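The values are calculated or read from the model by the stated rules, or taken from the named source; none is laboratory data. Given the structure is predicted, the values throughout are model-derived calculations rather than measurements. Ideal geometry is used to build each Cβ from the backbone, glycine not excepted, and the neighbour counts take in all protein chains shown. Ligands, DNA and RNA are excluded from the accessible area calculation, which covers all protein heavy atoms including side chains. Shrake-Rupley method; radii C 1.70, N 1.55, O 1.52, S 1.80 Å.
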Amino acid sequence: MISNACATLLRRAASRTAAPTVGAVRNLNLHEYQSARIMGGMGVNVPFGIPAQTVDEAVAAAEEIGDEEVVIKAQILAGGRGLGKFMGDDGLQGGVHVIPTSD
């Protein structure tokens, strides 16, 4: 048999709601290209890349690179992988694609 004091404590504990949990907190929001620029400046080996925010910038970057194919990657601050999408009806889904420079 449970004493009155124990029963009271159990009732109080059961009636309390749990403290809200705190999820991941972002104190520094950087895109991958921004992080690469910072790390490269500190001497860390990072892959070569040219950020572009418009189609014209992407075409100029592809011409500067000069290879037959280039990698394009959508980057957004969404907290997960694969959430960046390309806009338009070019059929590209997902965030990373290898495309011919002529495209």
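Scanning region 22-37 for residues that are open to solvent by 100 Å² or more (accessible area, probe 1.4 Å) and of a type outside the set (V, I, T) yields A24, R26, N27, L28, E32, R37.
Do we have N45 as at pLDDT 90 or above, assigned to a loop (DSSP other than H, G, I, E, B) and surrounded by fewer than 10 Cβ atoms within 10 Å (Cβ to Cβ) here? Criteria met by N45. Flag: L9 matches the condition of being open to solvent by 100 Å² or more (accessible area, probe 1.4 Å), assigned to a helix (DSSP H, G or I) and either at pLDDT 90 or above or out of contact with any strand residue (DSSP E or B) (no Cβ under 9 Å at 6 or more places or on another chain) (or both). Among the residues of region 71-95, none is identified as at pLDDT 75 or above and farther than 19 Å from R37 by Cα.
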